[in-house]
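Please read the structure below before turning to the comments.
The values are calculated or read from the model by the stated rules, or taken from the named source; none is laboratory data. In this text the structure is predicted, and so the values were computed from the model without any measurement. Here the Cβ is made from the backbone with ideal geometry for all residues, glycine too, and neighbour counts use every protein chain on show. The accessibility values were calculated without ligands, DNA or RNA, using every heavy atom of the protein model including side chains. Shrake-Rupley method; radii C 1.70, N 1.55, O 1.52, S 1.80 Å.
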Amino acid sequence: MSRYRKLRDADVTAEEVFFQRRKVLQALGITAASLSLPLTARADVLSWFKGDKAAAAAPAGKDLTFTRPAAWHADLPLTPYDKVTGYNNFYEFGLDKADPAANAGGLKTDGWKVVIDGEVAKPITLDMDDILKRFALEERIYRLRCVEAWSMVVPWTGFELGKLIKLAEPTGQARYVAFQTLDDPAQMPGQKDRYIGGGLDYPYVEGLRLDEAMNPLALMTVGVYGKTLPPQNGAPIRLITPWKYGFKGIKSIVHIRLTREQPPTTWNISAPGEYGFYANVNPHVDHPRWSQATERAIGAGGILDVKRQPTLLFNGYAEQVAGLYRGLDLRENF
Ligand SMILES: Nc1nc2c(c(=O)[nH]1)N[C@H]1C(S)=C(S)[C@@H](COP(=O)(O)O)O[C@H]1N2
Ligand SMILES: [Mo]
C-alpha cells in the first residue's frame, strides 16, 4: 500500500501530528533556542503555541566509553536520535511531548550525587565520576513501551542496577528498592505548578521488588546513542526496565533506598486504578481507558512512520523475566 494514500482520521496518530507540527515549526526556524530568551521566559513564549511547541535541539552529550555485548544487540530498527530526544515524558518540565526538550536544557547535573541507603550494610553516596569509574558501561538496544501505547527502540548506555545494589550490601530484610528523582522546584517548574507538572505528587518516586531490581535487564542508564543523556531523557542517571511500562523508568535519580515494605510510586498514587506497582507490559491486561493489545511503534523512517504492531508480553523479554512472576496473578497485580 502506498504510504502517500490519503490518511483517514483513524490513521493519524498523536505521534504523527506531533512530528508534523514540529517539522512545520522547524521549517519556520522557530525553536526554543532561537527565541534566545532566558529559560523561564522561553517556556512562556513557547506556551503561545499551546501544544505546538518546538523542541530545542538537545544539548550535545559527552562521548562515553562502553562495550557492545552481542547479547544486547537485538536486530531491531532504532528509533532516530531526534525522536528519542524530542518526544519525551518528563512531567517536571511540562506535559507536552516537546516540553522536556524545550525546558529541561538548564538542568544542573554538575556535582550530581546518588545516595544508596536503607536496608543495607554499607550505605554509600556516589558522584557521577565515582559511578563511571566503578561500573563498566555497556550499550544495550532495548524496546521502550510507554503505557500510552507508543513504543520506540533505543540504544541506551549503562550498567546493571544489580551491581550498584550489591555494592551497598542489602541486609536480609531488604525486599524492595525505592527510587527518587531530584526534588528541586527551582529547576523543575512542574514540581511547583500543577498546570506545568500535571499535579503529580513530586518528587517523582518509583520502586521495584528486590528480585526484579537484581534482574540483569534492569539498567542504570547514563547515556543514549553513545553519549551522556540529554536532560530530557533523565540526565545524568535514570532507570530503564524494558519489560515494564516506561513510567517505571524514573529519571534524574538522586536517591535509592532498600526497604522492607513496597514503596509508593508516583503514577500509582495519582491513579491507583490505572497504574499499578508492577506495570509489566502485557497485551492481555488493558488500561481501563484503552487497549494494550497493540502499540504505535515510532519508526526509523519519516515523520509518518508510526506503525501499529502487536504488544509483546513483557515487551518481548518474557524469557528473561517471566520466572519472576510465576504464581502471581498478572491481572490483579497490573
Ligand atoms: N522523573 C520522571 N521520570 C519519568 C517520567 C516523568 O515524568 N518524571 N516519565 C516516565 C514515562 S511515562 C516514560 S514513557 C519515560 C520516557 O522516557 P524517555 O523520555 O527517555 O523516552 O520516562 C519515565 N520517567
Ligand atoms: Mo510513559
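Here are a few things to note about the model shown:
- Proximal charge balance of Ile240 [Cβ under 14 Å; K/R count +1, D/E count -1]: +2
- The stretch 129-259, relative contact order in percent, only Cα pairs under 8 angstrom and at least six apart counted: 30 percent
- Label sites at Tyr81 and Thr125, each approximated as a point 7 angstrom past Cα along Cα to Cβ, lie 3.5 nm apart.
- FRET efficiency for the pair Gln309 and Thr259, taken as 1/(1 + (r/R0)^6) with r the Cβ-Cβ distance and R0 = 51 Å, rounds to 0.90.
- Interchain or long-range residues, amide H under 5 Å from Val120's placed H: Thr171
- Relative contact order computed over the stretch 211-334 (Cα-Cα under 8 Å; 6+ residues apart), in percent: 20 percent
- For the stretch 202-210, 3J(HN,Hα) per residue [Karplus equation, 6.51 cos²θ - 1.76 cosθ + 1.60, θ = phi - 60°, Hz, x = Gly/Pro]: 9, x, 4, 10, 9, x, 9, 5, 4
- Per the Kirkwood formula applied to alpha carbons, the chain shows a radius of gyration over Rh ratio, Rg over Rh, of 0.95.
- Here's how it looks for Lys244: its modeled amide H is under 5 Å from those of Val281, which are all 5 or more places away or on a different chain.
- Per-residue SASA entry for Trp156, accessible area with 1.4 Å probe, Å² rounded to 10: 10 Å²
- Here the stretch 88-153 and the stretch 219-274 have alpha carbon centers that stand 6 Å from each other.
- Most to least packed among 226-236, 252-262 [average Cβ atoms within 10 Å]: 226-236, 252-262
- Under 5 Å, built H, 5+ apart or other chain: amide partners of Gln292: Asp286, His287
- Under 19 Å from a label point set 7 Å out along the Cα-to-Cβ vector of Asp201, the amide N atoms of the stretch 154-178 belong to 176-178.
- Sequentially through the stretch 312-320, phi angles give Karplus couplings (6.51, -1.76, 1.60; θ = phi - 60°) of 9, 4, 6, 6, x, 10, 4, 4, 7 Hz, Gly and Pro residues having no value and appearing as x.
- Relative contact order [Cα under 8 Å, 6+ residues apart], the chain, whole percent: 19 percent
- Spatially near lysine pairs across the stretch 65-216, Cα under 25 Å, sequence gap of 8 or more or different chains: 16
- Residues in the chain average 46 Å² of solvent-accessible surface per residue, probe 1.4 Å, ligands and nucleic acids excluded.
- Rounded to whole Hz, the Karplus (6.51, -1.76, 1.60) HN-Hα couplings of the stretch 218-233, x for glycine and proline: 5, 10, 7, 10, 10, x, 9, 6, x, 10, 4, 4, x, x, 5, 9
- Formal net charge of residues neighbouring Phe334 (Cβ-Cβ distance under 13 Å; K, R +1; D, E -1): -1
- Modelled spin-label separation between Arg289 and Lys133, with each label point placed 7 Å from Cα along the Cα-to-Cβ direction: 4.8 nm.
- Taking every DSSP helix (H) stretch of at least 4 residues in the chain, weighting each as -39,500 (n - 2.57) and dividing the sum by the residue count yields a mean residue ellipticity at 222 nm of -4500 deg cm²/dmol.
- Accessible surface of the chain, 1.4 Å probe, proportion on carbon and sulfur as whole %: 53 percent
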